[in-house]
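Below: the structure, in structure tokens.
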Amino acid sequence: LSVDGLKNGEGMELFTLTLDNIRGTHVKALLARPAKEKKYPALVIYNAAGVGPLDKAAILGYAKSGWLVINVSAHDLPVDESPDFYNKLKAGELKNYYSIGSEDRETSYFLRMFLGDVRAVEYVATRPDWDGKTLLITGISQGGLQSFATAGLCPKVTGVMINVPAGCDVYGPLANPARAVSWPYWLAKFNPGKDLKKVQETAGYYDAIYFAPRIQCPTLVAVALLDVAARPAGVIAAYNAVTAPKQLIIMPMSDHYGSGGAQNDFFYKFARLRDSIQKGNEWSLPLP
């Protein structure tokens, strides 16, 4: 564990965080908190697909309102380098990173990612400034997939709030050919030189729908009916597999990116629920 780069300002503290992960790899993250020494509710954020820096302003905003918050990178990379640094990786060794090692569950890029996500939650739960009660996780797209996996693997999570989660029910198109393949396109023939049958077998170990039944905490999921990246049929199937208290937010006019404010319903409910929990209220689903 290393925590570096303390920055003070407006009563907040910001750190870069490095945790050990499997096979000599690391979890890289940003951590922010109010500077005042007391115990705080925790929020862990997972991000949409891509290769880039982490958003400092967003987590400082959460810290300013009284949260201990961690923004976790999907990659074992520095979190605040120049755009050129990330652009070279996107065009080179991390191009289509979601297909790296996809022929075997032990080499899949998602193995290190998911275990790192759990590691971040476990770390938060050891901190003396965590209140010991509230540990929420949230994510959009790939971050929603990571949230499904983390909540299914780690009972320390006390609530899940995710938007347009990717990687849900990837075998659905095998049962019904009319269903299109969702990101990360494990069933699509886009990997030259790879054994598609092996890729398909590996996909089952990282599908959100197999983590969903293990979730033990309240879960809020938003689905966009015009989404061609996180297909609504798959998201709803994964949601249906959750047995804990839950609510589905249907956004009928939204694509994956929420163009034109089409995902405002999710963000409004997310903010209301987050603020209510921070005040010590119990989850109450469904929200109006």
### Query
For 162, 250, what's the largest-to-smallest order of accessible area, 1.4 Å probe?
250, 162
### Query
Looking at the stretch 171-242, which trypsin sites (Lys or Arg not before Pro) are in a loop (DSSP not H, G, I, E or B) and have at most 11 other Cβ atoms within 10 Å?
189
### Nearby aspartates and glutamates by direct alpha-carbon distance to residue 88 (threshold 19 angstrom, same-chain neighbours under 8 apart not counted)
76, 80
### Count of lysine pairs in the stretch 164-288 with Cα separation under 27 Å (8 or more residues apart, or interchain)
5
### Query
Sorted from largest down, what three extents in whole angstroms do the Cα atoms of the chain have along their principal axes?
55, 44, 35
### Task
Heads up, I need the accessible area for residue 131: 1.4 angstrom probe, whole protein in place, Å², nearest 10.
40
### Summary
Between residue 257 and residues 5 or more places away or on another chain, the pairs with built amide H atoms under 5 Å apart involve none
### Probe 1.4 Å, accessible area per residue of the chain, Å²
44
### Task
Sketch the reach of a paramagnetic label on residue 10 as a point 7 Å from Cα along Cα-to-Cβ, and name the residues of the stretch 33-74 whose backbone nitrogen lies under 18 Å away.
33-36, 54-71
### Query
Out of 37, 122, 103, any idea which swings most in a Gaussian network model of the chain, alpha carbons joined below 10 Å?
37
### Message
At 1.4 Å probe size, with the rest of the protein present, what percent of the exposed accessible area of the stretch 111-261 is carbon and sulfur atoms?
### Response
58
### Task
Kindly provide the trypsin sites (Lys or Arg not before Pro) of the stretch 240-288 that DSSP labels as loop, not H, G, I, E or B, and whose Cβ sees at most 11 other Cβ atoms within 10 Å.
279
### Query
If you build a Gaussian network model of the chain, linking Cα atoms that sit under 10 Å apart, which residue out of 19, 30, 174 swings the most?
174
### Task
Identify all aspartates and glutamates with a Cα-Cα distance to residue 133 below 18 Å; exclude those on the same chain that are fewer than 8 residues away in sequence.
37, 122, 275, 282
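The values are calculated or read from the model by the stated rules, or taken from the named source; none is laboratory data. All values reported here derive from a predicted model rather than from experimental measurement. Here the Cβ is made from the backbone with ideal geometry for all residues, glycine too, and neighbour counts use every protein chain on show. Each accessible area value is taken on the protein alone, full model and side chains, heavy atoms only, with ligands, DNA and RNA left out. Shrake-Rupley method; radii C 1.70, N 1.55, O 1.52, S 1.80 Å.
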